[in-house]
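Okay, so here's the structure we're looking at.
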Amino acid sequence: MSLRPRWLQGSRQGVYFNPGTSVHFHIITLFPEYFDSPLSCGLMGKALEKDVLEVSRINPREFTRDRHRTVDDRPYGGGPGMVMLLDPLVQALNAMPPGCRKVLLTPKGKPLDQSLAASLAKENDLALVCGRYEGIDARLEELFDLDLVSAGDFVLNGGEAAALCLMESVARFLPGFLGKQESAGEESFSSGLLEYPHYTRPEEYAGLKVPEVLLSGDHGRIAAWRWQKALENTFRQRPELLTTRPLTSNDLDFLHGLQKTRPARNLYLALVHHPVKNKMGQESTTSLTNLDIHDIGRVCATYGLGGYYLCTPLKDQQVLARRLLSHWREGPGARANPDRALALAGVNVVSSLQDAVENVESLAGRRPRIVATSASGAGDIDCGQVFERLEKEPVLMVLGTGYGLSDRVVQEADNLLTPLRLLGGYNHLSVRSAASTIVDRILGDFA
Ligand SMILES: C[S@@+](CC[C@H](N)C(=O)[O-])C[C@H]1O[C@@H](n2cnc3c(N)ncnc32)[C@H](O)[C@@H]1O
């Protein structure tokens, strides 16, 4: 068994713990003075003094040839603002040392993360091109092999603030930058998890005590506690990160035991058999489909939904559905296959969509938001937005059979979900396939 702390183990360990010895950052910027303060204080200032890293600032203005030292011009095609000229930037980049990796800071780039920072820390020379104004003449990207990097999905005044984020995150991987070499590996993201919480003196403040285990001096218990807190922080704040690293069965047991808020309980599905469209686009009624009852029921049970409604006004179809459900929930089917009884436990047979709405209201204590679905149309809510609604209110997702929900159901709904594969040509999923894709896009693995 490895004696390394667990957050230093894992498949991506090699990426994180094989940095180069030093990086020379070549910042290409119209505002070299922007970096005066950040590079003169704290760890960055010390690292520069100790030659742990080097920084050069290159102003593209130095490469201009005209009297006014022009670095920008108006955009072709019109529009507001100015665009940075190619030639000064081309010359600045041509002046970089051989083998220099060239980064363009831009909102359309790959989002900067710990893994990218670790990979950049292996370089000897990094050129950081900082745009200003409306941006840079697009042909720069054709002339050079550039790594496009973004600080996040927001727009800054210039690339300088993004370059600073990049430099600091890269520098933390360099030997001699942090107090001890392994610190960077223990931080958030390096292990694929967020970090555990830190505490310092006093032991008690405003009635809040430092967790007892941290005062115990028992390093094994402390390491185990920190690992679980890292798992818990990640689960609560950024659950999608949990899918990026392998979890042990102990980790999974621990995560299962955490107190969960369950947005999934607020999601309900209605499968509508009337009013739906037929082949000619006329309003009609469809028959139940055994597979839809079972498969969508299994989706609802797997993802922990609040309920699933089969909506049919036809009395004989209701009788048939109830017989079928009773066979699997209480009859011979339940004894032969208890899992299927669980899957079908949340299925309700109702006469209309209105009955389903009223049933959800009685369970959830408030009227649900009704979200219709369709393979066509633009939609006005996507799966991510539905997830956000689930934290505030119940949502009844309405699925149509036949040739889709009738227009009046769509018009009376609160929202229309953006279609799956909205740019595709062929778009004819079975309703049970659509149901599982939609539910998974809304809830993912951890909600
Ligand atoms: C005002 S911005 C230009 C924004 C551009 N018109 C757009 O809508 O994408 C000027 C410069 O700031 C930098 N910048 C702005 N936001 C950024 C971000 N999120 N990440 C990295 N660089 C950014 C880029 O270098 C960009 O060329």
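Measuring with a 1.4 angstrom probe and ignoring ligands and nucleic acids, Y268 comes out at about 10 Å² accessible.
With both labels modelled 7 Å from their Cα along Cα-to-Cβ, the Q411 to R67 distance reads 7.0 nm.
Mean-square fluctuations from a GNM of the chain, with a 10 angstrom spring cutoff on Cα atoms, peak among L148, L89, L252 at L252. Taking trypsin sites (Lys or Arg not before Pro) across region 100-181, the ones in a DSSP loop with at most 13 further Cβ atoms lying within 10 angstrom of their Cβ are R139, K180. Computed with a 1.4 Å probe over protein heavy atoms only, the accessible surface of region 153-243 comes to 56 Å² per residue.
Separation of region 191-254 and region 310-336, taken as the distance between their Cα centroids, equals 47 angstrom. Over all other residues within a Cβ to Cβ distance under 14 Å of P313, the charged ones net out to -2, with Lys and Arg as +1 and Asp and Glu as -1.
Counting only DSSP beta bridges whose two residues both lie in the chain, roughly 15 percent are antiparallel. Of all the Cα-Cα pairs you can form in the chain, what percent are over 32 Å apart? Roughly 58 percent, rounded to a whole number.
From a point 7 Å beyond the Cα of L252 in the direction of its Cβ, which residues of region 217-245 have a backbone N at a distance under 11 Å? Within reach of a label on L252, which here means backbone N under 11 Å from a point 7 Å along Cα→Cβ, region 217-245 contributes nothing. Helices in the chain, meaning DSSP H runs of at least 4 residues, each add -39500 (n - 2.57). Divided by all residues, the mean residue ellipticity at 222 nm is -10000 deg cm²/dmol.
Counting only DSSP beta bridges with both residues in region 277-402, the antiparallel share comes to about 10 percent.
Largest GNM mean-square fluctuation across A321, A121, A138, computed for the chain with C-alpha springs under 10 Å, falls on A138. Once the Cα atoms are used to define both axes, helix 159-171 deviates from the longest principal axis of the chain by about 90 degrees. Using the Karplus relation 6.51 cos²θ - 1.76 cosθ + 1.60 with θ = phi - 60°, the per-residue 3J(HN,Hα) values for region 122-138 come to 8, 7, 7, 10, 10, 8, 10, 8, 9, x, 9, 6, 7, x, 10, 3, 4 Hz, with x marking Gly and Pro. Under a 5 Å amide H cut-off, with hydrogens placed 1.01 Å from N, T106 pairs with V149, S150, A151 among residues at least 5 apart or on other chains. Counting only protein heavy atoms and a probe of 1.4 Å, the accessible surface of the chain is 50% carbon and sulfur.
Axis angle, to the nearest 10 degrees, between helix 431-443 and the longest C-alpha principal axis of the chain: 40 degrees.
In loop segments of region 297-332 as defined by DSSP, there are no trypsin sites (Lys or Arg not before Pro) with at most 16 further C-beta atoms inside 10 Å of their C-beta.
Between helix 315-329 and the chain, what is the angle of the helix's C-alpha long axis to the longest principal axis, kept within 0 to 90° and rounded to the nearest 10? Rounded to the nearest ten degrees, it is 70. Computed extension length for Q259-L215: 13.3 nm, one decimal, from 0.36 nm per residue of separation with the Cα-Cα distance subtracted.
Probing with 1.4 Å while keeping every protein chain in the model, the per residue accessible area of region 29-102 equals 61 Å². The calculated FRET efficiency for the pair E240 and Y205, based on their C-beta separation and a Förster distance of 30 Å, comes to about 0.35.
Of the residues G377, G81, G207, the one that moves most in a GNM of the chain with alpha-carbon contacts below 10 Å is G207. Subtracting the Cα-Cα distance of N278 and E388 from 0.36 nm times their residue separation leaves 36.2 nm of extension gain.
The values are calculated or read from the model by the stated rules, or taken from the named source; none is laboratory data. Note that the coordinates shown come from a computational prediction; the quantities given were computed from them, not determined experimentally. Here Cβ is always computed from backbone atoms with ideal geometry, including for glycine, and neighbour counts include all displayed protein chains. Note: areas computed on protein heavy atoms with side chains; ligands, DNA, RNA excluded. Shrake-Rupley method; radii C 1.70, N 1.55, O 1.52, S 1.80 Å.
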